[in-house]
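Working notes for the structure below.
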Amino acid sequence: MSTRVVRRIIGLTGLLLVVATVVMGLFVTPPDAVQGNLARLLYVHPPIAWVAYLAYGVTSVASALYLWRPTRARRWDQLAVASAEVGVVFTGLTLITGSIWGRPAWGVWWTWDARLTTTAILFVLYLGYLALRRIPMSRETRGKRSAIAALIAFVDVPIVHESVVWWRTLHQGATVATLGTSSKIHGIMAWTLLLGFIAFTVVYLWMTMLRFQVERMAEQLEDQEFSNWELERAKEGEIRSEAIGELLNDGTNGRDNTLIEDKVR
Amino acid sequence: MDLGGESDAIRFESVSVLLGGFPALLNASLRVSHGELIYLRGPNGAGKTTLLRTLAGLTKVSRGHAWVSGLALPGAERALRDVVGLVGSKSHLYEDLTVHENLEFVRSILGLSHDRTAASQEVFGLAGRLQRQRVSSLSAGQKKRVALCALLMKNPRIWLLDEPHSSLDQQGRRLLDDILVQATSRGAVAVVASHESHMAGDVGARVLELVAGKVVDAERRPYLPPFNTASATESPGGAVS
Amino acid sequence: MISQALAVAKKDILIEYRAKVALNQVIPFALAVLLLFGFALDTQAKVLVEVAPGIFWVVVLFSSLYLISRSMRLERDNGAIDGLALLGIDPLAIFFGKLLALFVAMSLLEIAVAVGILVLFSANLGSLALLAVSAVVATLGICSVGLVYGALASGERVGESLLPLLVLPLLAPVLIAATKCWSDASASHGGIYDPWLKLVVLFSVVFLVVGAVSFGAALED
Amino acid sequence: MNGYVEAGYGVVIVALGAYGAWLAARGSRLRRALVPIPVDQERPEQPKD
């Protein structure tokens, strides 16, 4: 029960912090000197992207802990899927908000910049991870196989990133760095950005905890069903003659079962 | 490891095997000594195939403990596979290869002699022109013979057969029975899932019945369809042990 | 271990020799896709020559999916994978055996597609050494990623259609680097020391190691 | 402001809100399935009395 209370407190805190970020971002902070009002996306886009990477980091660590025999426990597999699912939501939002920002800033919805491309591949990789988990398998098999998939994705991401950087060296530098070094970033803007990072991290924490609990309860429900099986399996082998007779009676299925000759007559 | 578990050829202590949440075996307990020939029967879905696959180390024990040939389950599945042989409902053969190529593959993996392959093929009548036939063109019974031939080549300590009689002809069944009797007389264990358990008496087999995922001694619970007492004649060999 | 791996490879190659799936189905498919690219790009000679390296690898990657799922399906039919397990084969031997057989089939595919591109798109090869080395190394990486994911998604019917989603994003670096290798080679300013080749080698080495380590665990239930 | 900013904030709030609500709904559904509340079991019997 106490974890539930803690989770609720975290959830409420996250909600309040997000509301504060929105109010600060939209109304309190001044427009940026270069990008104008557009810069207000700074308070949501980078924090969300950070949460996406954080989520995949947690998934990778949890998967490694699950694969390593001494630490293998159901909770690591449950944490891996919880964090990955939340990560996919945040990655999707990273791509969407990035695109919305890119359209007025660069004039295009999409650019083949290294960070964008890597994020897009990350998104598809983890969609595949979640799809792999949906294949019907025993719990242990699924845990092991999806942990392998998560770690392979983790190994692949730096290679993808490096190759895309090489491939498209022309891209604008890190958003935060650009704005930061231009020293036009207002004090209150920096504070709001920090608030955004904290707010979305707390939201991630709440969502992952909740998703973890959902996974846990789904497994408990499966276990609960195991005890019901004993009763059900004991009934196997009974031949229910009465029920068969009932099913063979005419007219019970609502269709006319009379013989064709009868109809002709 | 339990000492009692090591002295038996097979020992299950309330073993449950979950297949996607469904307990195909449910608290099954079982003891088999060395040199025993077991006929396993039971209604559809009772868990016969799962029991055999568990014995072969292909399916993991979810709850409970088991020892097969002194190896503890869950845990020693990999080691177990070296000492067991299984012919299941699936043939484990490559359809695009010929009979001989399939057996040759088995031979090369197990590191056996060419003579052994040839002799086994001879036993199952797979030596002549048939050996150049692709498996895809064989009948179900012939495929079973090829699978059994591979099993004979391996000569495992524990023979696991899932419905081996179903597609074999009379000669094939006698051949198989002969092999099993000889193997068990040399100390091997054979577990045969079969509906033909009335034949068990001929080969001196003990009959075990699997009902709803549990092992029941045939002596204690005769296999009778509830309302068709006339078919009681179907299982005269049930009490042989 | 090595003799077992060779036995597995020999078995897979023999099956391919008998069934001729790569030869009769996958290679013609790849050539049909090449023709379609020609139509889609409006047979503008200049464009075709420019995009030839990219098209080569895209076609090879897509066609390889058929070869990979075929390779894993061989073991699923008739429960052959259980048979392999019961023979007590080292999973590492299965991995390297199947890798070798898949590599042979992929090489045939790549040669066919390369010839098709040379003829249809009038592309030029340039530095043959760079091309050959990059293709061989990239193919090893593709095959090992494919086999691991084939094993991860195996055992179930729905798994097969999942393979492309799992494998293609992972192979993005190979597509980029191998394509650049070909571009450099055809521009004849690339040698064996081309920087893009290093990326191909890095990818393939990483995934050969990852594949060898995880294939057994992926296969075990 | 300029439409893009509002759209960006809107997408984030709606998406996170929807996902959070969906999670909470799943959680409470599972919790109900897991703990059979005694009151629920008694209710159907009451009309009989």
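The values are calculated or read from the model by the stated rules, or taken from the named source; none is laboratory data. Note that this is a predicted model, so its numbers are computed, not measured. When we count neighbours, we look across all protein chains shown, and the Cβ atoms used for this are built from the backbone with ideal geometry, even at glycine. Side chains included, ligands, DNA and RNA excluded: accessible areas come from the protein's heavy atoms. Shrake-Rupley method; radii C 1.70, N 1.55, O 1.52, S 1.80 Å.
Structure notes:
- Within segment C:72-84, considering residues that are open to solvent by 10 Å² or more (accessible area, probe 1.4 Å) and touching a residue at least 12 places away in the same chain (Cβ under 8 Å), the one farthest from the chain's Cα centre (by Cα): C:81
- Each residue in segment A:134-169 was checked for being outside any helix (DSSP H, G or I) and within 21 Å of the chain's Cα centre (by Cα), and 3 pass.
One line per residue, one yes/no per condition, for (1) within 29 Å of residue C:180 (Cα to Cα); (2) touching a Cys at 6+ places or on another chain (Cβ under 6 Å); (3) of a type in the set (D, E, K, R); (4) at pLDDT below 90:
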{"site": "C:7", "(1), (2), (3), (4)": "no, no, no, no"}
{"site": "C:10", "(1), (2), (3), (4)": "no, no, yes, no"}
{"site": "C:13", "(1), (2), (3), (4)": "no, no, no, no"}
{"site": "C:39", "(1), (2), (3), (4)": "yes, no, no, yes"}
{"site": "C:63", "(1), (2), (3), (4)": "yes, no, no, no"}
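- Restricted to helices (runs of 4 or more DSSP H) entirely inside segment B:61-129, those with at least 1 residues that are open to solvent by less than 40 Å² (accessible area, probe 1.4 Å) and within 11 Å of chain C (Cβ to nearest Cβ) are B:77-80, B:99-110.
- If the condition is being part of a helix (DSSP H, G or I), within 13 Å of another protein chain (Cβ to nearest Cβ) and open to solvent by 20 Å² or more (accessible area, probe 1.4 Å), then segment A:47-73 contributes A:64, A:67, A:69.
- The one condition from (1) part of a helix (DSSP H, G or I); (2) aliphatic (A, V, I, L, M); (3) open to solvent by 10 Å² or more (accessible area, probe 1.4 Å) that residue C:106 does not meet is (3).
- Considering segment C:129-153, and only residues there that are farther than 19 Å from residue C:166 by Cα and open to solvent by less than 10 Å² (accessible area, probe 1.4 Å), the residue that is modelled with the lowest pLDDT turns out to be C:130.
- The condition (being touching a helix residue (DSSP H, G or I) at 6+ places or on another chain (Cβ under 6 Å), in the same structural domain as residue A:152 (by TED's automatic domain parsing) and not basic (Lys, Arg)) is satisfied by just one residue among A:39, A:73, A:84, A:33: A:84.
- Being touching a helix residue (DSSP H, G or I) at 6+ places or on another chain (Cβ under 6 Å), closer than 24 Å to residue A:226 by Cα and in the same structural domain as residue B:193 (by TED's automatic domain parsing) is a property that does not hold for residue B:64.
- Restricting attention to segment B:1-41 and to residues that are hydroxyl-bearing (Ser, Thr, Tyr) and under 24 Å from residue B:186 (Cα atoms), the residue that is modelled with the lowest pLDDT turns out to be B:7.
- Candidate set from segment B:184-236 (those that are open to solvent by less than 20 Å² (accessible area, probe 1.4 Å) and assigned to a loop (DSSP other than H, G, I, E, B)); member that is modelled with the lowest pLDDT: B:218
- From the options A:120, A:131, residue that is in a helix (DSSP H, G or I), touching a helix residue (DSSP H, G or I) at 6+ places or on another chain (Cβ under 6 Å) and in the same structural domain as residue A:149 (by TED's automatic domain parsing): A:131
- Positions within segment A:133-164 being out of contact with any Leu (no Cβ under 8 Å at 6 or more places or on another chain), among the small types (Gly, Ala, Ser) and either at the interface with another protein chain (Cβ under 7 Å from one of its Cβ atoms) or closer than 23 Å to residue B:63 by Cβ (or both), in sequence order: A:143
- Strands (runs of 3 or more DSSP E) contained entirely in segment B:2-57, each with at least 1 residues that are at the interface with another protein chain (Cβ under 10 Å from one of its Cβ atoms): B:10-19, B:22-32
- Selection within segment B:55-75 - small (Gly, Ala, Ser) and farther than 30 Å from residue B:143 by Cα: B:62, B:64, B:66, B:70, B:72, B:75
- Scanning segment B:148-175 for residues that are of a type in the set (Gly, Ala, Ser) and at pLDDT below 90 yields B:166, B:167, B:172.
- Within segment C:166-204, the residues that satisfy the criterion of being open to solvent by 20 Å² or more (accessible area, probe 1.4 Å), touching a residue at least 40 places away in the same chain (Cβ under 8 Å) and of a type in the set (A, V, I, L, M) are C:168, C:175, C:187, C:192, C:201.
- So residue C:33, is it more than 10 Å from residue C:121 (Cβ to Cβ), in contact (Cβ under 8 Å) with a residue 40 or more places away in the chain and touching a helix residue (DSSP H, G or I) at 6+ places or on another chain (Cβ under 6 Å): no
- Each residue in segment C:207-221 was checked for being surrounded by fewer than 21 Cβ atoms within 10 Å (Cβ to Cβ) and under 20 Å from residue A:126 (Cα atoms), and 1 of them qualify.
- Qualifying positions in segment B:146-175 - open to solvent by less than 40 Å² (accessible area, probe 1.4 Å) and among the small types (Gly, Ala, Ser): B:147, B:150, B:172
- Among the residues of segment C:91-103, those identified as at pLDDT 95 or above and open to solvent by 20 Å² or more (accessible area, probe 1.4 Å) are C:96, C:100, C:103.
- Flag for residue C:151 being aliphatic (A, V, I, L, M) and within 12 Å of chain A (Cβ to nearest Cβ): yes
- Flag if residue C:126 is in a loop (DSSP other than H, G, I, E, B) and open to solvent by less than 50 Å² (accessible area, probe 1.4 Å): yes
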